[in-house]
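After the structure tokens below, expect a handful of questions from me.
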Amino acid sequence: LLKMNINTLIGDLKKLGFEKAKADYIISRDYIELILEEYSYQLPSGREIVTPENVYDELKQPADPKALKDRPPVVTIMGHVDHGKTTILDYLRKSSIVSQEFGGITQHIGAFQVVTPVSKRKITFLDTPGHEAFLKMRERGANITDIVVLVVSAEDSIKPQTIEAIKHVKKSGNELIVAITKVDKLRSAKEKETVINKIMNDLLQHEIHAEDLGGNVPVIPISAKSGENMDLLEENIILVSDGMELQAEVGKNTLVEGWILESEVQKTLGNVSTVLIKKGIIRKGAVLLSGNTYCKVRNLIGENGASVAMATPAQAVEVTGWKQLPMAGDQVIQVDSEAIAKKYVGKRLHLIELEKEASTVDKMNEARALVH
Ligand code: GTP
Ligand code: MG
């Protein structure tokens, strides 16, 4: 890379403190970057040092705008403890089970889709925001939700975790809808008006501008107990998502990309993961790569526990056939064959070994430097 004489480099490395440097000396990535900086070396644009984290990137397809199709929005519900997040999801899920005539079958996936009552459009709700996978994806700057529904209880207004959620929304750039819940507890129309106005003003203190106050954030009073305005909430999600023009590639040759939402060993099925699809269409037989493992998709299980032939963007689906259990929060990418999958898992494991080795050498040198 540096196009320089190896002995000059070794001499320079020694001056930098790498006393044991020789031709086959292994240096960790952090040091490589420092050394490259020392020589003002710029990697050619588009090239990066290959690491375990990015070793699969070269498998990703270039964007293909012609393969873009509209996709449903992915929504998470956030808010303070006990403000009613789970009750909203339960209500939506129950009505979706009824509408799909799947009553009685337990849904067990960390995400589910509803079809809106009036516009008959799909929305994906993610079930467990804040859990491990989300934290991991957030750390990597991955933004898997499009819209956050912020739940504020009519009894409590804004509380510490409401403020946390507001901060998250601002950082992530997600669109926001506020649902004022538990309005069935308010006895008169007058009380309702007073409470809703107070909450809208409290939101204003945190720079959330309600539509009714001339802003751009829909604020919808609902009850997940009585079902009041739940349809309005769903239709508002569709309105907001239409403004976002959400699309994903689903061409005949589009390779799947997605995220592992959760992962577990199931008695009869073996290694099972829930994959949220970002692009492409998953079908049985597809070869998927994730972390240090891969799978030839044996079976796809939909949110109602039944086998499905395929799954499309913004849908979550259970995937069986993983050689080992993939990790929640890891990225998923489709490759053409098991041979390619094996080769890249091998590459990644090798890089992990090298990094371990390199950090041992670095640590030994640091220790020696301390002794001198
Ligand atoms: P955590 O998961 O603990 O953060 O709480 P949560 O936000 O999921 O709240 P949850 O849905 O568990 O609701 C808390 C309590 O409020 C439960 O007793 C619910 O029955 C009640 N509740 C939720 N929504 C409504 C509503 O619209 N009306 C009424 N009357 N009660 C509600
Ligand atoms: Mg809950």
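Which of the residues spanning the range 274-315 are among the hydroxyl-bearing types (Ser, Thr, Tyr) and either closer than 26 Å to Leu68 by Cα or more than 20 Å from the chain's Cα centre (by Cα) (or both)?
To start, the set of residues in the range 274-315 that are among the hydroxyl-bearing types (Ser, Thr, Tyr) comprises 274, 290, 293-294, 307, 312.
Within the range 274-315, Thr274, Ser290, Ser307, Thr312 qualify.
Still on this model: Among the residues of the range 196-224, which ones are charged (D, E, K, R) and under 28 Å from Tyr91 (Cα atoms)?
Correct list: Lys198, Asp202, Glu211, Asp212.
Yes or no, residue by residue, for (1) within 16 Å of ligand 1 (Cβ to nearest atom); (2) modelled with pLDDT of 85 or more; (3) within 21 Å of the chain's Cα centre (by Cα); (4) buried (at least 17 other Cβ atoms within 10 Å of the Cβ):
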{"residue": "Pro62", "(1), (2), (3), (4)": "no, yes, yes, no"}
{"residue": "Asp70", "(1), (2), (3), (4)": "no, yes, yes, no"}
{"residue": "Met78", "(1), (2), (3), (4)": "yes, yes, yes, yes"}
{"residue": "Lys94", "(1), (2), (3), (4)": "yes, no, no, no"}
{"residue": "Gly110", "(1), (2), (3), (4)": "yes, no, yes, yes"}
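Oh, and also: Can you tell me which residues in the range 208-219 are more than 26 Å from the chain's Cα centre (by Cα) and either surrounded by fewer than 18 Cβ atoms within 10 Å (Cβ to Cβ) or within 21 Å of Val118 (Cβ to Cβ) (or both)?
Hits for the range 208-219 are His209, Glu211, Asp212, Leu213, Gly214, Gly215.
Tally up the residues in the range 317-351 that are under 26 Å from Asn143 (Cα atoms) and of a type outside the set (S, T, N, Q), please.
17
Looking only at the range 1-31, count how many residues are in contact (Cβ under 8 Å) with a residue 60 or more places away in the chain and not aromatic (Phe, Trp, Tyr).
Going residue by residue through the range 1-31, those that are in contact (Cβ under 8 Å) with a residue 60 or more places away in the chain are 17-20, 25-29, 31.
This time we only want the ones that are not aromatic (Phe, Trp, Tyr), so: 17, 19-20, 26-29.
Count: 7.
Yes or no: Ile32 modelled with pLDDT under 90 and in a helix (DSSP H, G or I)? Full working, then the answer.
On the way: modelled with pLDDT under 90: yes; in a helix (DSSP H, G or I): yes.
Answer is yes for this residue.
Right, another one. Condition first: in a strand (DSSP E or B) and within 16 Å of ligand 2 (Cβ to nearest atom). Now tell me which residues in the range 181-227 satisfy that.
Let us first name the residues in the range 181-227 that are in a strand (DSSP E or B), namely 181, 210, 217, 219-221.
Answer for the range 181-227, where residues must be in a strand (DSSP E or B) and within 16 Å of ligand 2 (Cβ to nearest atom): just Thr181.
Would a scan of the range 159-166 turn up a residue that is more than 15 Å from ligand 2 (Cβ to nearest atom) and in a loop (DSSP other than H, G, I, E, B)?
There is no residue in the range 159-166 that is more than 15 Å from ligand 2 (Cβ to nearest atom) and in a loop (DSSP other than H, G, I, E, B).
Are any residues in the range 274-290 under 25 Å from Asn143 (Cβ atoms), modelled with pLDDT of 95 or more and of a type outside the set (A, V, I, L, M, F, W, C), and if so, which ones?
Scanning the range 274-290 gives Lys278, Lys279, Gly280, Ser290.
Still on this model: If you go through the range 143-158 one residue at a time, how many are among the hydrophobic types (A, V, I, L, M, F, W, C), part of a loop (DSSP other than H, G, I, E, B) and either within 15 Å of ligand 2 (Cβ to nearest atom) or under 30 Å from Ala248 (Cβ atoms) (or both)?
Total satisfying the criteria: 1.
Quick test for you: out of Asp30, Asp90, pick the one residue that is loosely packed, with under 13 Cβ neighbours inside 10 Å and within 30 Å of Ile238 (Cβ to Cβ).
Matching residue, one of Asp30, Asp90: Asp90.
Residue by residue, here is whether (1) within 13 Å of ligand 1 (Cβ to nearest atom); (2) more than 28 Å from Thr124 (Cα to Cα); (3) free of Cβ contacts under 8 Å to residues at least 60 places away in the same chain holds:
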position	(1), (2), (3)
Arg187	yes, yes, yes
Ile199	no, no, yes
His209	no, no, yes
Gly215	no, no, yes
Val219	no, no, yes
Ser226	yes, no, yes
Asn229	yes, no, yes
Leu233	yes, no, no
Leu239	no, no, yes
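I would also like to ask the following. Which is within 16 Å of ligand 2 (Cβ to nearest atom) and either free of Cβ contacts under 8 Å to residues at least 24 places away in the same chain or of a type in the set (Asp, Glu) (or both), of Asp82, Asp57, Asp64, Asp70?
Asp82
The values are calculated or read from the model by the stated rules, or taken from the named source; none is laboratory data. All figures in this text were calculated on a predicted structure; none of them were measured in a lab. All Cβ positions, glycine included, derive from the backbone under ideal geometry; neighbour counts span all protein chains shown.
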